[in-house]
Amino acid sequence: MSERASKPDEERNADPGSGSASTAGDDGERPGTYGEYGGQYVPEALMPAIEELDDVYERYVLENDEGFMDDFEARIRDFGGRPTPLQHAEQLSERYDFEVYLKREDLLHGGAHKLNNALGQCLLAKYMDKERIVAETGAGQHGTATAMAAAHLGLDCEIYMGERDIRRQRPNVFRMRLNGAQVNPVEAGRGTLKEAISETMRDWATTVEDTHYVIGSVVGPHPFPAMVRDFHRVIAEEIREQSIEKFDALPTSVVACAGGGSNTMGAFAAFTDSEDSAVGLVAVEAGGSSLSVDEDRGVAPNSASLSTGSEGVLHGARTKLLQDGYGQIMESHSISSGLDYAGVGPELANLVDTGRVRAVAVDDDRALEGFHRLSQEEGIIPALETAHAIAWLDEADSAEVGERVVLNVSGRGDKDLESALEETAKRDLDIAPDMHVFDAQAMTDSDEVAETNGQDVNEGAQ
Ligand SMILES: Cc1ncc(COP(=O)(O)O)c(C=O)c1O
């Protein structure tokens, strides 16, 4: 469903006589709604698939029918490599007035948290006797994780990816192909995540009989946001257990970057109950180049829908969005493909509205500084998405975040090396290594690079 089509759907679904979208527009207490947000704003053609998914989510995920969750847990351990470590970051802890612990989701198979959900949903497809998987991807991490999970389970797999993102994330495109997935470029719009989701939904609407749509974040119509959160909940459960083991207490704060919100919800899920209200929860979104929006041109130079968005419907759910005065979705922007999305998960939007989660934004320049900081100070090259959360530590007030901050390292930065090189070369960042050997001419002429006569590419970066 395209965002243009979302208005008529919203109106139709608001009509109780329409016969579909039973949870849309309800009082927030029925499953699938979170305060004002959530619901099932989908075309009629998709309702049977959504209802089927709702049933199997309850049966297999919530009730562990046929030992589904035991099967999932065994696979995410043996194939995925869980549990991931909770590591004390010694250098960062010296730098700040609080201790920093890193939840190392970058060490999960595939290099990001995304596998938790991709494996869970591919396994669910198997239990549903579906043979084909479709998925969208932005940074390519979800596509990669889905291609891996599909290969592991013997399922056919097609991934939709915006053309711009294909250019930004070439290594991940190759990884998907290596795992046997077909990658379908999406040319519409800006060629990023929003268009890829719309295109995947279009495919699913005509292939639901044998196909499952493995959505990549806590977005979309119910039950996707709840189901994706539940597959990622293991992150928060491990943080809880490992914190008690390591420092005999719960963290005082948990910090995670937020695009659609899956690593955020995964890291927060075991702390949202009222008895854990002392644990601060911070969602760091992409401030892009500026938090201001150009309504006339329909452009938001950021992806900070929690901080600057307003209520609307996108991709099957009511949530916070970057939209113009007519409800048209704005072009978003972020240095990181995985945060470059005009919406956010409905549960996270509600947790921000109710004050349980604090939303903050970090701009492109500072995110790049965070990328270099974790690389240099801790020996971990993070994904550009994660780098937003790292950079935010610089402005965190110890009186607010407390003594023990757990930061979710949602992914590793291998996929971002080309972008990080290009973006660093454009800027004058004190923290960056000397970039002169990577100047524009050298990058476009590999022969010239070879002729740098043994010049050390790390010169100045010791
Ligand atoms: C490493 C990494 N972190 C974070 C994100 C943002 O997604 P989400 O907000 O769903 O965790 C992505 C998206 O691709 C990602 O690849």
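Derivation of every value follows stated rules applied to the coordinates shown; laboratory data play no part. For clarity, every value in this text was computed on a predicted model and none was experimentally measured. Using ideal geometry, Cβ is built from the backbone for each residue, glycine included, and neighbour counts are taken over all protein chains shown.
For the chain, the equivalent ellipsoid built from the Cα gyration tensor has semi-axes of 33, 25, 23 Å, listed from largest to smallest. Of the GluC sites (Glu not before Pro) in the range 363-421, the ones in a loop by DSSP (not H, G, I, E or B) with at most 13 other beta carbons within 10 Å are 403.
Across the range 36-41, rounded Karplus estimates of 3J(HN,Hα) from the backbone phi angles (6.51 cos²θ - 1.76 cosθ + 1.60, θ = phi - 60°) give 6, 9, x, x, 9, 8 Hz, Gly and Pro being marked x. Share of pairwise Cα-Cα distances greater than 15 Å in the range 102-176 is 51 percent (whole percent).
Using amide H atoms built in the peptide plane, which far-off residues or other-chain residues are under 5 Å from residue 64 H to H? Under 5 Å from the amide H of residue 64: 69.
Counted residue by residue at 0.36 nm each, then reduced by the alpha carbon distance between them, the extension gain from residue 274 to residue 237 reaches 11.7 nm.
With the convex hull drawn over the C-alpha atoms of the range 144-191, the volume per residue is 56 Å³.
Amide H contacts of residue 88 (H built 1.01 Å from N, in plane; Pro and chain starts excluded): 102 sit under 5 Å, all sequence-distant by 5 or more or on other chains.
Charge dipole of the chain (Cα centre as origin; +1 on each Lys and Arg Cβ, -1 on each Asp and Glu Cβ, all else neutral): 540 debye, rounded to the nearest 20. The label point for residue 210 and the one for residue 153, both projected 7 Å from the Cα toward the Cβ, are 1.7 nm apart.
Volume of the convex hull of the range 265-322 (Cα atoms only), normalised per residue: 116 Å³. If R0 is taken as 30 Å, the Cβ-Cβ distance between residue 244 and residue 36 corresponds to a FRET efficiency of 0.25.
Rounding to the nearest 20 debye, state how big the charge dipole of the range 129-288 is about its Cα centre with +1 on each Lys and Arg Cβ and -1 on each Asp and Glu Cβ.
Numbers: 15 positive and 23 negative charges, 145 e Å.
Dipole of the range 129-288, to the nearest 20 debye: 700 debye.
Along the chain, counting only trypsin sites (Lys or Arg not before Pro) with a DSSP assignment other than H, G, I, E or B and at most 11 other Cβ atoms inside a 10 Å radius, the longest segment between sites is 5-296.
Of the GluC sites (Glu not before Pro) in the range 107-161, the ones in a loop by DSSP (not H, G, I, E or B) with at most 16 other beta carbons within 10 Å are 131. Here the extension length gained between residue 131 and residue 79 equals 16.7 nm, from 0.36 nm per residue of separation less the Cα-Cα distance. Across every pair of non-identical alpha carbons in the range 255-395, the mean reciprocal distance, once inverted, gives a Kirkwood radius of 15.1 Å. Between the Cα long axis of helix 115-127 and the first principal axis of the chain there is an angle of about 30°, rounded to the nearest 10. Modelled spin-label separation between residue 59 and residue 44, with each label point placed 7 Å from Cα along the Cα-to-Cβ direction: 2.7 nm.
Annotation: amide H of residue 33 within the under-5 Å range of 39, sequence separation 5 or more or interchain, hydrogens built in the peptide plane. Measuring spread by the Cα atoms of the range 117-221 yields a radius of gyration and Dmax of 12.3, 36 Å. For the range 278-287, the Karplus equation 6.51 cos²θ - 1.76 cosθ + 1.60, evaluated at θ = phi - 60°, returns couplings of 6, 7, x, 10, 10, 9, 9, 9, 7, x Hz by residue, with Gly and Pro reported as x.
Per-residue 3J(HN,Hα) values for the range 388-393, derived from phi via the Karplus relation 6.51 cos²θ - 1.76 cosθ + 1.60 with θ = phi - 60°, read 4, 5, 4, 4, 5, 4 Hz in sequence order (x marks Gly and Pro). Pairs from the list 320/415; 126/246; 194/415; 126/415; 103/194; 103/320 with a Cα-Cα gap above 31 Å: 126/246.
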